[in-house]
Amino acid sequence: MGLEARLNQFESILSSRKTMFDHAIGTDDVIKHLGLDPAAGRKSDRRTGSSLTVASSLVLGIEPREFARLIKEKANLVRW
């Protein structure tokens, strides 16, 4: 499952639990929080044929599997 799909799933789970945030959390907001440019990431993943997760992880210097694991770990911590 790609990062964007995972974040959308995470938003759906949180909204079903009536969890309130000061503002909506979007995929672009998370990418910006990581210090990356969402538009550049999407352009890169289209050009290389990889996912947004792979493009983001390579820019951050983290293996894609490790990056996905860390994102899931953080999402699970917030969920509980």
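Observations on the structure shown:
- Local electrostatic count at ASP28 - Lys and Arg +1, Asp and Glu -1, tallied over other residues with Cβ under 11 Å: -1
- At an R0 of 25 angstrom, the distance between the Cβ atoms of THR48 and ARG69 translates into a FRET efficiency of 0.70.
- Charged neighbours of LEU52, selected by a Cβ distance under 9 Å, balance to -1 (K, R count +1; D, E count -1).
- Neighbour net charge for LYS43 - beta-carbon separation under 14 angstrom, K R +1, D E -1: 0
Where a number appears in this text, it was derived from the coordinates with a stated rule and is not lab data. These numbers come from a predicted model, not from an experiment. In this analysis, Cβ positions are derived from the backbone assuming ideal geometry, glycine residues included, and neighbour counts consider all displayed protein chains.
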